[in-house]
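Engineer: I'd like to ask you about the structure that follows.
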Amino acid sequence: MYKSYRIAESKIQEDAEGPIRVYHNPDEAERKYLVEELKVDEHTLASALDPDEQARLEFEPDHLAMILKRPKNYSAKDQFLFKVASFGIFLFRDRLVVVAADDVPLFEGKCFNRVGSYTDLALKLIYRTINHFVEHLKIINMVTDSLESKISASMENKYLLNLFTLEKSLVYYLNAINSNSSVTEKLKLNATKQGLTQEELEYLDDIIIENGQCYRQAEIYSNILAGLMDARVSIVSNNLNVLMKTLNIITIGIMVPTFVVSVFSMNVGIPFQQHRHAFWIILVISMISVCTYYLIWKKKKW
């Protein structure tokens, strides 16, 4: 399945016969068209649909092929695992082809309000991918803060496991962002060969800077998660110790009056056996024993 667009009045507009085509999970007929008619390398096309493929830049005789990494849309079933997907940009002189595994809105954002050429559009797609990573990093940071507060008041392992999953996601993001940086750096080195204008070259420099900042941000989040994981494990262990201490206090507190009552319940001659207020006397002694136990516990700071 594909959608066609064209650049009209410096904006992207949908057009059934437009020179800009976006293929979402292309079928056999569409793949055959891309390979045989547009001379797209079959292996490069497969790489654009492979989430495990590394980002790269290739120069073909009649087009430029870019395989880039982008964040995959998150869903609840992913259980805190933020995944990475691949997509391909094939830049021709008279057209632009984008191939992705799933249907995602590509031309959203302020950067697409003014598009000058196909090369400019390709650069803006790279820039939008970087912004997409930044948005996901902000979400991961908010989720991490939420899990931290839950860990401080809980002894369950599921929150720690969620943090481990987030840490794993950040490792994937770091690899993807770093992989994209190799594409932008190589594109800059071959700017003259591709005929980039001065304005496009300056925009590419901005993209490289933004990608570097995005990588450092992801690296900071990853280091924080990795460095504090042991501390969070200790918090869970401490919470368990506090709970066990509380249960011991309750258990001993119940045992003391139980012992008093048990003594006066023995089938032998005991004090107050014939006293009319024996029940209340035993009850008071039990209460005094509990209070004495509590005071000793507080004084010893157990």
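Engineer: Once Lys and Arg get +1 and Asp and Glu get -1 on their Cβ, which of Cys291, Gly18, Ala8 lies farthest toward the positive end of the dipole of the chain?
Structural biologist: Towards the positive end, the residue furthest out is Cys291.
Engineer: Can you check what the net charge comes to around Asn73, using other residues whose Cβ is under 15 Å from the Cβ of Asn73 (Lys, Arg +1; Asp, Glu -1)?
Structural biologist: Neighbour charge sum, excluding Asn73 itself: +1.
Engineer: Under the rule of at least 5 residues apart or a separate chain, name every residue whose amide H is placed under 5 Å from the amide H of Lys11.
Structural biologist: HN-HN under 5 Å from Lys11: Val115.
Engineer: For mean projected area of the Cα convex hull in nm², the choices are (i) 25.7; (ii) 14.0; (iii) 16.9; which was calculated from the structure?
Structural biologist: Computed from these coordinates, mean projected area of the Cα convex hull in nm² corresponds to label (i).
Engineer: What percent does the relative contact order of the chain come to when contacts are Cα pairs within less than 8 Å and at least six residues apart?
Structural biologist: In percent, rounded to a whole number, it is 15.
Engineer: For region 183-212 and region 23-62, write down the distance between their C-alpha centroids in whole Å.
Structural biologist: The two parts, judged by their Cα centres, are 23 Å apart.
Engineer: Let me ask another. So what's the net charge close to Asp206: Lys and Arg +1, Asp and Glu -1, counting the other residues with Cβ under 12 Å from its Cβ?
Structural biologist: Here the count lands on -3.
Engineer: Can you give me the long-range amide H partners of Ala85? Hydrogens built in the peptide plane at 1.01 Å from N, cutoff under 5 Å, separation of 5 or more residues or another chain.
Structural biologist: Arg70, Lys72
Engineer: Additional query: Say each of Gln194 and Ala46 gets a label point 7 Å from the Cα, pointing the same way as Cα to Cβ; how far apart are those two points in nm?
Structural biologist: 2.6
Engineer: Would you mind ranking Ser286, Ser4 so that the residue whose beta carbon has the fewest other beta carbons within 10 Å leads the list?
Structural biologist: Ser4, Ser286
Engineer: Separate question: Can you give the calculated 222 nm mean residue ellipticity of the chain, where each DSSP H run of n ≥ 4 adds -39,500 (n - 2.57) and the sum is split over every residue, rounded to the nearest 500 deg cm²/dmol?
Structural biologist: -20000 deg cm²/dmol
Engineer: Compute the distance in nm between two label points, each set 7 Å from the Cα along the Cα-to-Cβ direction, one at Glu135 and one at Met255.
Structural biologist: 6.0
Engineer: Another question, if that's okay. Quote the relative contact order of region 1-44 in percent (integer), defining contacts as alpha-carbon pairs under 8 Å separated by 6+ residues.
Structural biologist: Relative contact order for region 1-44 comes out at 33 percent.
Engineer: Whats the longest run of the chain with zero trypsin sites (Lys or Arg not before Pro) that are DSSP loop and have at most 12 other Cβ atoms within 10 Å?
Structural biologist: In the chain, the maximal stretch lacking such sites is 115-275.
Engineer: Roughly how big is the chain's charge dipole about its Cα centre, with Cβ charges of +1 (Lys, Arg) and -1 (Asp, Glu), in debye to the nearest 20?
Structural biologist: 2500
We did not get these values from a lab; they are worked out from the coordinates using the rules stated. From a predicted model like this one, the values you see are computed outputs, not experimental measurements. We place every Cβ from the backbone using ideal geometry, glycine too, and count neighbours over all the protein chains shown.
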